[in-house]
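Reading through the structure tokens given below for one structure.
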Amino acid sequence: MIKTENSEEKTSTTSFEGSPEAEVADTRKKERKVVLPGEILASGTNFLPGENTIRKGNDIISLRYGLEETSDRLVKVIPLSGAYIPRRGNIIIGKVTDINMNGWVIDINSPYSSYLPARDAGRYVDKSELSQYLNFQDMLVAEVFSVSPREASLTLRKPGLGLLNEGIIVSISPSKVPRIIGREGSMINLIKQETNCNIKVGQNGLIWIKGEKIEDELLAKSMINFISEKSFVPGLTDKVKEFVEKQKKSGGKK
């Protein structure tokens, strides 16, 4: 049986070398600054507005409370709060809440309702025996196949998707998921190396952890919560390593 654990609530820049814009961009890259709505993020035509930003005159303005990030002149803000909005291709973790004659209703930790049709179960499933494949309260990892107004359709037709057995589920803010994963998977790989756990991260803020020992699972959970709470702190990777060392020396006790 899977245990669900609740947590909180959850670049490189190119410019002309030596220019003021390059110096500002380099400082921003190192500090990973937390910004507020209405805050000026950059000025000048060398920068372009990205996600959760807008250009007003010569300035790029933040539209959300979040973490500023600049990459190849593109300035964007990664939200530090907010509900999960599904997008096609997202990998999510959900729970079966209902079964009808054609498939399963899935809770994906979102205002959107979600449905997994029997035809997208990944293999043939007799419609008279749907509960034998996925039953009420079962947890699964799936992909968002399509999104219509207020509803998402899921699929299991790819390797690595399907029922999740045992382990624990940790819930964080969906906006913190990029920090849990890290650049090119660096942070999630660090967690796996330190805990020897199998971990699947849903972009909806739910994370499944399965280790050989409960102590390994709890250490992975502690690391995830630490990263989530300190997501805006510079030098996070080094701080996570220090945190793990302290946890192991204390036997996992805070």
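Scanning the range 173-194 for residues that are closer than 21 Å to K33 by Cα and either in contact with a strand residue (DSSP E or B) (Cβ under 7 Å, 6 or more places away or on another chain) or among the polar types (S, T, N, Q) (or both) gives S173, S175, V177, P178, I180, I181, S186. Return a yes/no flag: does the range 62-69 have any residue that is at pLDDT 90 or above and either within 24 Å of I227 (Cβ to Cβ) or in a helix (DSSP H, G or I) (or both). Yes, the range 62-69 has at least one match. In this structure, E212 does not satisfy being more than 30 Å from G103 (Cβ to Cβ) and in a helix (DSSP H, G or I). Just one of the listed residues (S186, S175) is part of a helix (DSSP H, G or I), of a type in the set (S, T, N, Q) and either on the phi > 0 side of the Ramachandran plot or touching a Pro at 6+ places or on another chain (Cβ under 7 Å) (or both), and it is S175.
When we screen L206, L190, L156, L219 for residues that are surrounded by fewer than 18 Cβ atoms within 10 Å (Cβ to Cβ) and modelled with pLDDT of 95 or more, the only hit is L190.
Does K248 satisfy the criteria of being at pLDDT below 95 and either surrounded by fewer than 15 Cβ atoms within 10 Å (Cβ to Cβ) or out of contact with any helix residue (DSSP H, G or I) (no Cβ under 7 Å at 6 or more places or on another chain) (or both)? It is true that K248 is at pLDDT below 95 and either surrounded by fewer than 15 Cβ atoms within 10 Å (Cβ to Cβ) or out of contact with any helix residue (DSSP H, G or I) (no Cβ under 7 Å at 6 or more places or on another chain) (or both).
Inspection of the range 129-142 identifies at least one residue that is of a type outside the set (A, V, I, L, M), within 25 Å of the chain's Cα centre (by Cα) and crowded, with 16+ Cβ neighbours inside 10 Å. So which residues in the range 83-128 are of a type in the set (G, A, S), under 18 Å from the mean Cα position of the chain (by Cα) and part of a loop (DSSP other than H, G, I, E, B)? Answer for the range 83-128, where residues must be of a type in the set (G, A, S), under 18 Å from the mean Cα position of the chain (by Cα) and part of a loop (DSSP other than H, G, I, E, B): A83, G89, S110.
Give the range 137-183 a look and list any residue that's of a type in the set (S, T, N, Q) and touching an Asp or Glu at 6+ places or on another chain (Cβ under 8 Å), or say none. Walk me through it before giving the result.
To start, the set of residues in the range 137-183 that are of a type in the set (S, T, N, Q) comprises 137, 146, 148, 153, 155, 165, 171, 173, 175.
Across the range 137-183, the qualifying residues are S153, T155, S171, S173.
The values are calculated or read from the model by the stated rules, or taken from the named source; none is laboratory data. This is a predicted model, so every value here is computed, not measured. Please note: Cβ atoms are built from the backbone with ideal geometry, for glycine as well, and neighbour counts cover all protein chains shown.
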